[in-house]
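Derivation of every value follows stated rules applied to the coordinates shown; laboratory data play no part. Predicted model, so just to flag it, every value in this text is computed and none were measured. Note: ideal-geometry Cβ built from the backbone for every residue, glycine included; neighbour counts use all protein chains shown.
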Amino acid sequence: MTIRPGDKILFMKVGTHAAEDLTDIIARKQAEIEREGFALWGYGGNTCNPTSMVQPFALNAQGPIVLAMQPMKSNHFAEPIRAEEYSPDGLTWTRVPSGINCVGSRYALVIDSLEEVEDAIDLASTRVAVGPSLGRVGSAYIQGRVDKACLEVTDELVGDPKIIEIGLRANVVDPFAVYLRN
């Protein structure tokens with residue numbers, strides 16, 4: 001995967017989640033995709049709310065949405081409570097297939113592939129593509145507790161370069177992002 005100007009990416013920092021090591025999560029999600037045809041990549045935080053951010057971003061993108069993930073050390077030790085149902089709108093709920101294990105999350109991205117890659121992105125060449133921070137430079141937006149965003153890659157560098165290593169890539173597919181409940 002090479003990230004290029006014009007690409008629409010959902011950027012996310014990833015690591016240990018619900019006391020499970022990232023290496024184990026990757027293997028589990030790849031097996032889920034093999035078995036079920038998709039997996040639910042769980043997350044939290046409002047910067048990528050399913051209905052107000054991710055779904056409008058994906059629908060306006062007019063092309064593929066790539067989940068570009070930066071592996072990092074993390075200490076996420078939430079209870080590994082399995083989601084029993086998912087919903088694209090918070091109103092209509094569907095049972096999570098028995099072959100999918102999504103734990104410790106409020107939301108999930110729907111992915112149909114997951115691969116380890118060696119790539120990089122310059123966040124100073126990205127812009128927030130949806131929501132109240134629309135147009136803000138990605139390098140100014142992704143900092144502190146903000147660890148995920150819907151971004152458009154541009155060919156314009158603003159400010160100092162901020163090169164981020166991308167170690168995982170996934171395809172985000174319809175309905176793109178969902179709410180979870182136990």
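Structure summary
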item: Mean separation of Cα contacts under 8 Å, 6 or more apart, over the residue count of the range 8-181: relative contact order %; result: 35
item: Dipole moment magnitude, nearest 20 debye, the range 25-82 about Cα centre, only Lys, Arg, Asp, Glu C-beta charged; result: 120
item: Among Gly167, Gly63, Gly138: highest mean-square fluctuation, GNM of the chain, C-alpha pairs under 10 Å; result: Gly63
item: Other-chain or far-sequence residues with amide H under 5 Å of Val14's (modelled H); result: Gln70, Met72
item: Most fluctuating residue given options Val137, Val172, Val117, as computed from a GNM of the chain linking Cα atoms under 10 Å; result: Val117
item: Rh (Kirkwood; distinct C-alpha pairs) - the chain, Å; result: 16.4
item: Loop-resident sites, the range 77-113, for chymotrypsin sites (Phe, Trp or Tyr not before Pro), counting at most 12 other Cβ within 10 Å (DSSP); result: Phe77
item: Using alpha-carbon coordinates, inclination of helix 22-36 to the longest axis of the chain, degrees; result: 70
item: Restricting the range 104-182 to trypsin sites (Lys or Arg not before Pro) in coil, as DSSP defines it, with at most 13 other Cβ within 10 Å; result: Arg145
item: For the chain, calculated [θ]222 nm from helices alone, where every DSSP H run of n ≥ 4 adds -39500 (n - 2.57); result: -4000 deg cm²/dmol
item: Residues Val66, Val178 arranged by fewest to most Cβ contacts within 10 Å; result: Val66, Val178
item: Amide H partners (placed H, <5 Å) of Ile3, local residues excluded; result: Ala120
item: Distance from the range 119-182 to the range 62-112 (C-alpha centre basis), Å; result: 18
